[in-house]
1. Let me know the charge dipole size of region 148-206 about its Cα centre in debye, to the nearest 20, where only the beta-carbon of Lys, Arg (+1) and Asp, Glu (-1) is charged.
2. Name the residues whose placed amide hydrogens come within less than 5 Å of the amide hydrogen of Ala157, ignoring near sequence neighbours (fewer than 5 apart) on the same chain.
3. Let me check something: with ligands and nucleic acids excluded, how do Thr183, Thr18, Thr89 order by accessible area (1.4 Å probe), largest to smallest?
4. If you work out P(r) over Cα pairs in 10 Å bins from 0, in percent from the coordinates, which of [x] 8, 29, 30, 18, 11, 4, 0; [y] 7, 23, 21, 18, 13, 9, 6, 3, 1, 0; [z] 8, 34, 37, 18, 3 do you get?
5. Considering Cα pairs under 8 angstrom that are at least six residues apart, work out the relative contact order of the chain and quote it in whole percent.
6. Quick one: putting +1 on the C-beta of Lys and Arg, -1 on the C-beta of Asp and Glu, what dipole do you get for region 87-206 around its Cα centre, in Debye to the nearest 20?
7. Relative contact order, percent, of region 78-177 when contacts are C-alpha pairs under 8 Å separated by at least 6 residues?
8. Run the dipole for region 79-119 about the Cα centre, Lys and Arg Cβ at +1, Asp and Glu Cβ at -1, nothing else charged, and hand back the magnitude in debye, nearest 20.
Amino acid sequence: MVTAYSHSSIAFFDFDGTITSRDTLAELLKFKTGMFKYYLGLVFLSPVLILYKLGLLSNHRAKEIMLEYFLKGESAAEFNALCREFSETRLPSLFRKGALTEIRRHLQNNTQVVIVTASPENWVQPWCQQFNLECIATKLKVRNGKLTGKIAGQNCAGEEKVKHILKRYNLSYYTKIYAYGDTPGDLPMLSLATDSYYKPFKERAY
C-alpha cells in the first residue's frame with residue numbers, strides 16, 4: 001500500500017517504551033490471563049528467555065514461542081475484542097505524558113503521524129484509530145478463525161521497521177521527517193529522519 005501525500009512532514013513513533021512506560025505485550029498478557037498465570041508462564045518459558053538474552057535465540061522466534069504458549073488456539077474475534085477493551089481501559093495508564101503532548105503538537109501542525117511497533121496491531125491499531133494515527137505493526141497469523149501463535153511475515157522490529165516504512169511511504173515527498181525511539185532496535189528507523197530523538201520522553205507515565 002502506498003500512501004497519499006497531503007502532508008509536508010511526517011513523524012514516526014516507536015510505541016513500547018517510547019510512547020508507553022512498559023512493554024504492552026506483557027501488559028496485554030497479564031490483562032488476559034491474570035498476574036499469577038502470566039508469571040507462572042514466564043517460569044515455564046524461562047529457558048527460552050535465557051536463550052534470547054544470551055543471543056542464542058532470535059527476537060522473532062522467542063516472541064513466537066511466547067505467543068504460542070499464551071495465545072495459540074484462541075478465537076481471533078474474542079482476542080480482538082479483549083484487545084479493544086485493553087486499549088480503552090489499560091493502555092491510557094501506560095502512556096508517557098510527554099509523548100502524547102508531542103503527538104498532539106505534530107497533529108496540530110498538520111504532520112502525518114505513524115506508530116511503528118513490534119507489538120501486534122490487535123491492540124495498537126484500535127488506539128491509533130481513536131486519534132487518526134496511522135499504524136505499522138506486527139501481524140498475528142490466524143487460521144480457521146483462531147490464533148496460531150505465529151507471526152504473519154516478520155516481527156516489525158529493527159530493519160523490518162525501515163522496510164515497512166519505505167514500502168508504504170516515499171520519504172522524498174516530505175521536507176521534514178521526525179522519528180522517535182528508545183532502543184538500539186529503533187536506530188535504523190531513526191536514521192531515516194531529518195530530526196531524530198532517542199529516549200526523548202523520560203518522565204513517568206500518567
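1. 160 debye
2. For Ala157, whose amide H was placed from the backbone, there are no distant partners under 5 Å.
3. On the way: Thr183 55, Thr18 0, Thr89 90 Å².
From most exposed to least exposed: Thr89, Thr183, Thr18.
4. Structure-derived value, by its label: [z].
5. 32 percent
6. 320 debye
7. Relative contact order here is 21 percent.
8. 140 debye
The values are calculated or read from the model by the stated rules, or taken from the named source; none is laboratory data. Since the structure is predicted, the reported quantities are computational estimates derived from the model, not experimental observations. Heads up, the Cβs are rebuilt from the backbone with ideal geometry, glycines too, and the neighbour counts pull from every protein chain shown. These accessible areas exclude ligands, DNA and RNA; they are computed on the full protein's heavy atoms, side chains included. Shrake-Rupley method; radii C 1.70, N 1.55, O 1.52, S 1.80 Å.
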